[in-house]
Amino acid sequence: MSDKLRYALIGCGRIAPNHIAAFMNNADSLQLCAVCDPDIERMEIVLAALPQEQRESVRRYTDYRELLAKEQPQLCAVATESGKHAAIALDVIASGSHVIIEKPIALSLTDARALIEAAKQHNVKLCACHQNRFNKSIRKIRSAVEEQRFGRMLHGAAHIRWNRGPGYYEQARWRGTWAQDGGALMNQCIHNIDLLRWMMGDEVTEVMAYTDNLQHDYIQAEDLGMALVRFANGAYGIIEGTTNIYPHNLEETLYLFGERGTVKAGGKSVNIIEEWSFGDDCDDPAVVKQHYGENPPNVYGYGHTPLYADVIDAIRNDRQPYVDGYAGMRALELVLAIYKSAAEHRPVQLPLADCATTDFEGRFDR
């Protein structure tokens, strides 16, 4: 009898190949029993990465509820359009399955809290898919934070300077809508926003922001966001996120500045350490840059595989995943606080009682 976890993938869109690759790289612990998508052709495209014999053994479903009832998976990944993450994941949790939810974990704080509570009630693991936390560069930087090598944190900055044009939005009509997505900050920038909050102390007290739609009049939400963040520990954060960069993605960078340390991570998805300077001289910056850099083929990086491995280990050893539901909710909350501050033209205090992307319907209507 196999001790592999029965695994299912719900949603076969743009990010699904990374989930299939993560499954394949953890195939000693997972059995892919089924995939689900309303579009049958998309399921076949995603499964094409598997050997033919294995591909034939995977059941296909267009209704995820039927999948849950018939397959009774032990671990599901939800990789649908963002606006459906919470409802589907709640059904997954109610079925007794552990769940990995693609970012963002939800589009409202009410839904995020409901997911966390449901996971507790059903005693299952809930993981938010912020895979960049598993980058070699980020893990090295995080170790420096945890070892307090920076001393007092002063300020940090997250810059996401990317390009998204009409073709990207035509691929999936839900993109850029308030009900199913949000804009550049919620979709493209939330990974780096998550990293900035996590590295700088997690607890945010106030946000001041501007957002706008400058070039994408065919979407509802923002293509530019700029924010100042104040952390409970007295440090500050700067967030700049845009999908307006000509003619293609330029960079994603994370800066951390402390009284005794300066770090910059850059590259396609903060996969490269570009600056590493600490007053303790515990390591050679050149060696760190050489050993903790990667060159992924796209902005999604290599993080899905170790994230899956961590969730599998969390299930086996009954512990919380490295990136749990609270982490997903904190990233969501910061983006929503930016939206709220920009919409109301005032500083916004955190924590937020409740907020959702749909609160901003009509914000940029022309």
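Please treat every number below as a calculation from the coordinates, not as lab data. The model shown is predicted, which means the values in this text are computed figures rather than measured ones. Positions of Cβ are generated from backbone atoms using ideal geometry, with glycine treated the same way; all protein chains shown enter the neighbour counts.
Results, tabulated for the structure shown:
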item	result
Relative contact order of the range 152-242, defined on C-alpha pairs under 8 angstrom at six or more residues apart (%)	38 percent
Distant-in-sequence amide H partners of HIS216 (H built 1.01 Å from N, under 5 Å)	none
Highest to lowest packing among 203-212, 48-57, 99-108, 80-89, scored as the average C-beta count within 10 Å	99-108, 80-89, 203-212, 48-57
Sites ARG260 and ASN295 - FRET efficiency at Förster radius 41 Å, r taken between beta-carbons, to 0.05	0.85
Size of electric dipole in the range 1-65: Cβ of Lys, Arg +1 and of Asp, Glu -1, about Cα centre, debye, nearest 20	140 debye
Antiparallel bridges, percent of DSSP beta bridges restricted to the range 97-238 (to nearest 5)	60 percent
Charge dipole (the chain, unit charges on Cβ, about Cα centre) - positive-most of GLY11, ASN123, MET153	ASN123
ARG59-ASN25 FRET efficiency (beta carbon distance; Förster radius 25 Å; 0.05 resolution)	0.70
Exceeding the 23 Å Cα-Cα cut-off - candidates LYS136/LYS340; LYS136/LYS264; LYS103/LYS125; LYS103/LYS289; LYS268/LYS289	LYS136/LYS340; LYS103/LYS289
Estimated 222 nm signal from helices in the chain, with DSSP H stretches of n ≥ 4 weighted -39500 (n - 2.57), rounded to 500	-10000 deg cm²/dmol
Residue order, fewest to most beta carbons within 10 Å, for ARG260, ARG175	ARG260, ARG175
Of every Cα-Cα pair in the range 91-149, the percent that sits beyond 19 Å	44 percent
Relative counts (whole %) of C-alpha pair distances in the chain, using bins that are 10 Å wide	5, 25, 33, 26, 10, 1, 0
Highest-first arrangement of 165-171, 233-239, 137-143, 243-249, where packing means the average Cβ count within 10 Å	137-143, 233-239, 243-249, 165-171
Coil-residue GluC sites (Glu not before Pro) of the range 241-282, DSSP, other Cβ within 10 Å capped at 15	GLU259
